[in-house]
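Just below is one structure, and these are the notes that go with it.
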Amino acid sequence: MRQVVPSGLLILFALDLSGCVSSSLPDTKKFVAAVSATNSASSVLLDELNVAEKNQFFEKTRASKAYSVRFVAGDSVYHSTLETFAPQTEKFRASIAILVTYANLIQSLASGEDINHVHDSVNAIAMDVSLLAGNPTYGIAVAAFSPIIDRMIAAKDRAELIIVVRDSAPAIHKLINALINSTPQMFEMLQYNAFLGRGNILTQSSSYRLALSNFVVLLDRLESTFDRLFEALVNPTSRPTLDNLASATGELSAYAGLVRQSLATIHSTPK
């Protein structure tokens with residue numbers, strides 16, 4: 001939805017990496033906190049989507065007498081009392097997890113953590129990206145991330161990893177846009193809960209529409225804040241640039257809190 005910061009502008013590695021990156025560390029911490037708040041708001045939506053997807057499955061299998069006397073190992077995520085995500089909801093979870101892990105990876109680089117610890121984050125991103133493979137909505141994002149992950153894994157030092165971070169900006173944008181484009185599917189899943197519920201269908205649908213609209217605005221703010229972050233990585237000593245990042249980060253945190261409140265109003269329980 002927003003324009004990607006041109007990679008040619010990201011000359012971070014032509015600078016003294018340790019000094020320049022660490023000078024923006026306070027802002028990086030606030031950025032990570034804002035992304036964490038976004039994740040917290042998203043978790044409320046994921047819980048609701050998970051209930052909706054499982055309800056759909058239960059309604060479908062209840063009509064099958066043959067299924068009632070069989071055990072299908074692949075369906076365990078639906079029946080287990082442990083914390084599990086149904087297949088489609090798991091993809092939504094993975095896409096958000098990538099953004100959170102990516103933000104933490106940037107903070108790790110900024111604080112000069114050991115490269116092996118940073119590679120743990122890379123491996124987590126790789127695992128979540130693999131969960132998105134095969135889903136048409138995320139195809140472009142997966143294609144963009146695949147070479148980035150390969151380069152991150154091959155990076156021998158912190159400086160090389162920071163170069164890859166610069167080049168991964170377009171992949172982050174593609175992922176956020178894919179997540180936004182998946183919200184109509186989320187709405188369809190939530191609608192199923194509306195039909196199963198005892199309340200007014202139109203009223204419940206309106207609540208879902210409002211909650212998802214707020215979620216889309218939140219993702220748009222997240223995308224904008226990532227833009228400000230990349231600008232700050234290019235100019236870590238520029239006061240206007242750091243002020244812009246701080247302002248965008250503050251807005252993102254505030255929006256995340258409001259979106260979490262709106263999403264909390266659509267809570268449902270498994271049928």
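The values are calculated or read from the model by the stated rules, or taken from the named source; none is laboratory data. Computed from a predicted model, the values in this text were never measured in an experiment. Counting neighbours? That spans all protein chains shown, and the Cβs are built from the backbone with ideal geometry, glycine included.
Just to be sure, is Phe58 in a helix (DSSP H, G or I) and either modelled with pLDDT under 90 or closer than 27 Å to Leu218 by Cα (or both)? Yes, satisfied.
Within this structure, Lys156 passes the test of being basic (Lys, Arg) and more than 19 Å from the chain's Cα centre (by Cα). Among the residues of region 44-61, is any over 30 Å from Asn235 (Cα atoms) and of a type in the set (Gly, Ala, Ser)? Checked against the condition, which is being over 30 Å from Asn235 (Cα atoms) and of a type in the set (Gly, Ala, Ser), region 44-61 yields at least one hit. Look at Ala86 and say whether it is within 17 Å of Leu175 (Cα to Cα) and either buried (at least 18 other Cβ atoms within 10 Å of the Cβ) or among the aliphatic types (A, V, I, L, M) (or both). Criteria not met by Ala86. Inspect all residues belonging to region 166-177 and state whether any of them is surrounded by fewer than 18 Cβ atoms within 10 Å (Cβ to Cβ) and closer than 25 Å to Ala34 by Cβ. For region 166-177, residues surrounded by fewer than 18 Cβ atoms within 10 Å (Cβ to Cβ) and closer than 25 Å to Ala34 by Cβ: present.
In region 179-232, the qualifying residues are those that are among the small types (Gly, Ala, Ser) and modelled with pLDDT under 90, and the one that is surrounded by the fewest Cβ atoms within 10 Å (Cβ to Cβ) is Gly199. When region 233-248 is limited to residues that are touching a residue at least 24 places away in the same chain (Cβ under 8 Å) and under 17 Å from Ala169 (Cβ atoms), the one that is surrounded by the most Cβ atoms within 10 Å (Cβ to Cβ) turns out to be Leu233.
Scanning region 150-170 for residues that are part of a helix (DSSP H, G or I), touching a residue at least 12 places away in the same chain (Cβ under 8 Å) and under 19 Å from Gln107 (Cβ atoms) yields Met152, Arg158, Ala159, Leu161, Ile162, Ile163, Val164, Val165, Arg166, Asp167, Ala169.
Checking the stated criteria, Asp128 turns out to be closer than 23 Å to Thr38 by Cβ, touching a helix residue (DSSP H, G or I) at 6+ places or on another chain (Cβ under 8 Å) and free of Cβ contacts under 8 Å to residues at least 60 places away in the same chain.
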